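First up is the structure itself, then whatever we jot down about it.
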Amino acid sequence: MRAIARDAVRARISDVAVDLFDEHGFDNVTVEQIATAVGVSARSFHRYFPAKEDAVIADPTGWGELVRDQFAARPADEPIWDGLGAAYEALLATPSRDENRSKRAMRVLGSTPALRARNLEKHLLWAELLTPLVTARLEGDNRELRAETLVQASLACFDIAMNTWARTDSGQTPADYLRQAFDTLSPHA
């Protein structure tokens with residue numbers, strides 16, 4: 001029960017923070033303002049999030065581990081690019097709290113250098129998780145370099161798909177944009 005309550009408070013703080021950042025701009029909102037809007041102290045905010053950037057990014061390790069595990073579960077003989085795309089699609093298939101909130105969070109995420117830097121840190125973490133698995137599936141010379149290239153390209157496709165989805169109201173899903181981005185770099189294209 002304690003973990004459920006903690007997750008609920010964490011989600012509430014994150015939701016309020018994203019709403020405030022979207023309305024007023026990330027740099028114009030303080031931790032104290034977020035805490036007041038939620039009804040907790042700034043100290044309590046920091047128990048859940050070390051920095052205000054973390055209220056937008058959430059748990060990059062958990063999501064990265066999900067992508068890694070999904071890729072690891074893919075058939076070993078499947079083309080690596082297809083397996084990476086399927087792993088990201090599995091992430092996108094996880095239940096989301098609110099599509100509008102997710103779009104706002106993506107827009108906020110790209111709104112300031114501090115958040116873009118934190119997003120880059122997330123990508124580097126995910127790359128550390130994925131690159132060894134991709135390397136193990138490759139044959140020939142320069143396996144690690146080729147694995148890093150594939151992983152970084154896949155992360156760019158994921159990021160572009162999510163940002164495009166957040167900026168548009170086309171009715172397409174994040175998975176639709178993800179497939180389009182992956183198809184653009186597909187070895188079969």
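The values are calculated or read from the model by the stated rules, or taken from the named source; none is laboratory data. In this text, all values refer to a predicted model and were calculated from it rather than measured experimentally. Here the Cβ is made from the backbone with ideal geometry for all residues, glycine too, and neighbour counts use every protein chain on show. Surface areas here come from the heavy atoms of the whole protein model, side chains and all, with no ligands, DNA or RNA. Shrake-Rupley method; radii C 1.70, N 1.55, O 1.52, S 1.80 Å.
Given R0 = 35 Å, the distance between the Cβ atoms of D27 and A5 translates into a calculated FRET efficiency of 0.65. I need the Debye-formula profile for the chain: one equal scatterer per C-alpha, no solvent, reported as log10 I(q)/I(0) at q = 0.15, 0.17, 0.18 1/Å, two decimals. Here log10 of I(q) over I(0) equals -0.93, -1.12, -1.21. Per residue, the chain exposes 55 Å² of accessible surface when a 1.4 Å probe is rolled over the protein heavy atoms with every protein chain present. Label positions at A117 and N100, each projected 7 Å from the Cα along the C-beta direction, are separated by 3.3 nm. The Cβ shell under 12 Å around L20 holds other residues with a net charge of -4, Lys and Arg each +1, Asp and Glu each -1.
Extending 7 Å from the Cα toward the beta-carbon at both R43 and D82 defines two label points whose distance is 5.7 nm.
Taking the alpha-carbon centroid of each part, what is the distance from the stretch 1-50 to the stretch 129-162 in angstrom? The stretch 1-50 and the stretch 129-162 have Cα centres spaced 35 Å from each other.
Helix-derived [θ] at 222 nm for the chain: sum -39500 (n - 2.57) over DSSP H runs of at least 4, divide by residue count, nearest 500? Computed mean residue ellipticity for the chain: -24000 deg cm²/dmol.
Compactness ratio for the stretch 85-170: Cα radius of gyration over 2.2 N^0.38 Å (N = residue count) comes to 1.24.
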